[in-house]
Amino acid sequence: MTGFSRRNFIKLCGGASALGLYGCATTKTSPDVAKVVVIGGGFGGATLSKYVKLIDASIHVTLVEPNPVFHTCPGSNNVIAGIADLRSLLWNYDTLKRKYGIEVVADEAMDVDPIQKTVRLKNGPVLKYDRLIVAPGIDFRWDAIEGYDQQASALIPHAWKAGGQTQLLRSQLEAMPDGGVVMILPPANPFRCPPGPYERASLIAYYLKNHKPRSKIIILDAKTKFSKQALFMQGWKDLYPGMIEWISWVGEGDIERIGVKSRTVFTEFGTHKADVLNIIPPQKAGAIAEKVGLTDQSGWCPIDQNTFESTLAPDIHVIGDACIATPMPKSGFSANAQAKTCALAIVNSINGKSQEQAALINTCYSYLNPDYAISVSAVYGYSNQERKLTTRSSGVTPMDADRSIEAKYARGWYRNITADTFL
Amino acid sequence: MIKNRIIAICLLLPWGWVQSSEPVESADGWSLSVSCAGCHGTFGKSFSSIPSINGLDEEEFIRKLSEFKEGVRPASVMDRIARGFNERDFEKMAIYFARQKRNSR
């Protein structure tokens, strides 16, 4: 096979196929086919599965995801505000299976043996891998706020994983009388979707302004500043004057406990009673990451930011919200971008090539109403000198920019990134 | 002899395998360009009001990106993105997107 490159092989095959000469793939069960196993079918895991196949379709990819469908968090604040239906957030894995030949296993990964390089499933057989990608998203620190545990979230929604929780918060807003108080408790950094709580406050205000105009929204923040703060504050003043009150950590201090039945928040300096309470708890990497030993004391997964390979376990890569990709924020867009860089690193490594210079982009759009959006975006690259990801450029919507164009882009972005991930 | 064997192997390949081999054509451009897909769609083909960039002429691509970067082309997002790339990056991405099929726009 000397002098016979993969590229020539592809070209020749392209020629043969153009004549309509094609058949079925037979390499799937061959023992020398490289095996990639992906745990988690969100923006990170789904994109990675698709792009590994796009780069090298001969690699066998298994995507392990217990849920047959996926509700995106992007767009979920629209559902909470009654602007969109929960079904608009719904995606499945049919196209990934059919179009790209990814094996999608509806099962839960219980444990990983990094020596034997196997994944144990709850119901199915043990999976062998050459490279494992762990993309479990977030889990909540249920021990962080006294009184607010998983059981309490059935009464006081977090709505920070989309689906039933999104619907629960929507129902509570619908049931609330005019003049009620909605309280949102965003966590300290780092957490999934930094501008998310403030978009949520904006869109709830949009709903209340139209349906329950005497109501109020209070944001009791665990931080002293937040993402796109000046733009949000400007928008709140213009669109919802006097309706949204943001209280910094400086004003209230830590949350000491939650009275679940009475929907009361006890802080260091005061007591607040809400009609609808939304607690976004502090977070950590999804449970499987901790179980496999991929997390450090922070609860997140340290990685080589060039290849997204875990620094704690060889041949295991972590992408998306679970990994420490600072300065990138934890977002669906970041996970999608990281998945592509990681996919290339894995395929290059399998085929004995070195990693290429990549660019990672993140843009987070936030709606303040359906025709008014703002954004923060940045380009990141791996610095060989600093051996980490660095920000090459960044910026937010200019204060005088047309917000309706950004809203149009926000809708377009959702359409394209979900297609890039699931279709 | 070897050519016959290759054709024989090719007969066993499904369509998707061959079609999806396209991105490896320009490896370095690929790794820079795939980040654009988050907004502009896979291979630069958009399904929304965000413009498609697949099949764009190389010179046009480089000119537009340079104008965004210099702030002389009206924008509220692309100027911020373009500043994260240099001229060499623009050239690599231009080659990548020019090679994507225009007819799929």
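The values are calculated or read from the model by the stated rules, or taken from the named source; none is laboratory data. As the structure is a prediction and not an experimental result, all values here were calculated from the model. Neighbour counts run over all protein chains shown; Cβ positions are idealised from the backbone, glycine included.
Quick notes
- Of the residues A:THR363, A:THR397, the single one that is in contact (Cβ under 8 Å) with a residue 12 or more places away in the chain and over 16 Å from the mean Cα position of the chain (by Cα) is A:THR397.
- Screening the candidates A:ASP238, A:ASP254 for the property of being surrounded by fewer than 18 Cβ atoms within 10 Å (Cβ to Cβ) and either modelled with pLDDT under 95 or of a type in the set (Lys, Arg) (or both) yields one hit, A:ASP254.
- Subset of segment A:90-133 (residues that are assigned to a loop (DSSP other than H, G, I, E, B) and under 24 Å from A:LYS330 (Cα atoms)): A:TYR93, A:GLU108
- Residues being on the phi > 0 side of the Ramachandran plot and under 17 Å from the mean Cα position of the chain (by Cα) - total across segment A:170-193: 1
- Test: residue in segment A:126-146 that is surrounded by fewer than 16 Cβ atoms within 10 Å (Cβ to Cβ), modelled with pLDDT under 95 and more than 27 Å from A:ALA162 (Cβ to Cβ): no
- Only residues that are aliphatic (A, V, I, L, M) and over 16 Å from the mean Cα position of the chain (by Cα) were counted in segment A:126-169, giving 11.
- Only strands (runs of 3 or more DSSP E) whose full extent lies in segment A:301-403 are considered here, and the ones with at least 2 residues that are under 27 Å from A:GLY235 (Cα atoms) and within 13 Å of chain B (Cβ to nearest Cβ) are A:359-369, A:372-383, A:388-396.
- Residue in segment A:355-391 that is surrounded by the fewest Cβ atoms within 10 Å (Cβ to Cβ), counting only those that are more than 23 Å from B:GLY41 (Cα to Cα) and aliphatic (A, V, I, L, M): A:LEU389
- Condition check for A:LEU96: of a type in the set (A, V, I, L, M, F, W, C), over 26 Å from A:SER171 (Cα atoms) and within 14 Å of chain B (Cβ to nearest Cβ): yes
- The residue list A:ALA57, A:ALA46, A:ALA81 contains one member that is more than 14 Å from chain B (Cβ to nearest Cβ), in contact with a Phe, Trp or Tyr (Cβ under 6 Å, 6 or more places away or on another chain) and of a type outside the set (D, E, K, R), which is A:ALA81.
- Failed condition for A:ASP296, given (1) closer than 30 Å to A:VAL347 by Cβ; (2) in contact with a helix residue (DSSP H, G or I) (Cβ under 9 Å, 6 or more places away or on another chain): (2)
- Scan of segment B:64-104 for residues that are within 25 Å of A:SER404 (Cβ to Cβ), in a loop (DSSP other than H, G, I, E, B) and of a type in the set (Lys, Arg), ordered by number: B:ARG73, B:ARG83
- Residues in segment A:412-423 that are touching a strand residue (DSSP E or B) at 6+ places or on another chain (Cβ under 7 Å) and of a type in the set (Phe, Trp, Tyr): A:TRP413, A:PHE422.
- Single condition B:ALA75 does not satisfy, out of (1) touching a helix residue (DSSP H, G or I) at 6+ places or on another chain (Cβ under 7 Å); (2) hydrophobic (A, V, I, L, M, F, W, C); (3) modelled with pLDDT of 95 or more: (3)
For every residue, the table says whether it meets (1) among the hydrophobic types (A, V, I, L, M, F, W, C); (2) buried (at least 23 other Cβ atoms within 10 Å of the Cβ); (3) modelled with pLDDT under 95; (4) under 21 Å from A:PRO114 (Cα atoms).
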residue: A:PHE43; (1), (2), (3), (4): yes, yes, no, no
residue: A:VAL61; (1), (2), (3), (4): yes, yes, no, yes
residue: A:SER76; (1), (2), (3), (4): no, yes, no, no
residue: A:SER88; (1), (2), (3), (4): no, no, no, no
residue: A:ASP94; (1), (2), (3), (4): no, no, no, no
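- Filter result for the condition that a residue is part of a loop (DSSP other than H, G, I, E, B), crowded, with 16+ Cβ neighbours inside 10 Å and either at the interface with chain A (Cβ under 9 Å from one of its Cβ atoms) or at pLDDT below 95 (or both), over B:SER46, B:SER26, B:SER52: B:SER46
- Odd one out for A:GLY82 among (1) at positive phi; (2) of a type outside the set (A, V, I, L, M, F, W, C); (3) part of a strand (DSSP E or B): (3)
- Residue tally, condition in contact with a strand residue (DSSP E or B) (Cβ under 8 Å, 6 or more places away or on another chain), modelled with pLDDT of 95 or more and not basic (Lys, Arg), over segment A:383-411: 13
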